Amino acid sequence: MVETQTSSSYFVNGCPKPLQQVATRVRQASERDNCGFTLVELIVITAILGVLALMAMPAYQAYINSTRNVASASDIRTIEKSISSYLLDNNKATPAATLSDMGIESMVDPWKRQYVYQVVVPGSELQDFAGLPLNTDYDLYSMGQDGASAAAKGNPANADDIARSNDGGYVGVRP
C-alpha cells in the first residue's frame, strides 16, 4: 500500500521518536525566528545603500551642472535676441553700453549672478585660446559655477564660463 503523506511529514513520521522531537522543535523555532532581520543584516544593507549613494552623487552633480549650462546658454540666446530687436527697432548699428540702456531687464544666470555684457572696444576684446577675438560687436557671458572669470583680467576665460562667441554663431561653454 502506498502512503499519501507529504515529504516533510513522512520524514518526521518515518524517523525514530527522538529525531521526530528534534525536527518538530527546529520547525517551531524556524517559524518563530523568521519574523525579521538581524542587526548585522541591517548594517550590511545600510552600508551597501550608502556606497551606492556615494557612487551616484558625482553623476547627479554632473547632470545638474549640465542642466545649468544649457539654461544659461538659452538665457544668453534670449538676451541676444532682445539686443537684436533693440538694434532693429532703433535703427542702430552698435548696441548701447549697458543692457538697461536698451530697456532689457537684466536676467540672472542659474547660479544667481548677473550676466556680463560688454560692448567690444578694439584692442580689449575677449579672446579664445588661439588669441582670436570672440566677438566683434559685444560680449555676453555668464561666469559659470565658480563666479570668476579670467576673461575680466584679459586672459583666456575659465573653462566653466558660458559665453556667446563668433558674433552669435556659438553659445555654450567658452572655447
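The values are calculated or read from the model by the stated rules, or taken from the named source; none is laboratory data. Just so we're clear, the structure is a prediction, and the values are computed from it rather than from any experiment. All Cβ positions, even for glycine, are placed from backbone atoms using ideal geometry, and neighbour counts span all protein chains on display.
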All positions within the stretch 108-123 that are under 24 Å from the mean Cα position of the chain (by Cα) and part of a loop (DSSP other than H, G, I, E, B): Asp109, Pro110, Trp111, Lys112, Arg113, Tyr115
Qualifying residues in the stretch 103-125 (those that are closer than 12 Å to Tyr138 by Cβ and modelled with pLDDT of 85 or more) - the one surrounded by the fewest Cβ atoms within 10 Å (Cβ to Cβ): Val119
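Table: residues versus (1) outside any helix (DSSP H, G or I); (2) β-branched (Val, Ile, Thr); (3) surrounded by 11 or more Cβ atoms within 10 Å (Cβ to Cβ); (4) modelled with pLDDT under 90.
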position	(1), (2), (3), (4)
Tyr10	no, no, yes, yes
Gln21	no, no, yes, yes
Gln28	no, no, no, yes
Val44	no, yes, yes, no
Ala47	no, no, no, no
Ala73	no, no, yes, no
Arg77	no, no, yes, no
For Tyr86: the one exception among (1) over 28 Å from Ser66 (Cα atoms); (2) at pLDDT 85 or above; (3) outside any helix (DSSP H, G or I): (3)
Unmet requirement for Glu105, which otherwise passes all of (1) in contact with a strand residue (DSSP E or B) (Cβ under 9 Å, 6 or more places away or on another chain); (2) outside any helix (DSSP H, G or I); (3) under 26 Å from Asp146 (Cβ atoms); (4) not β-branched (Val, Ile, Thr): (1)
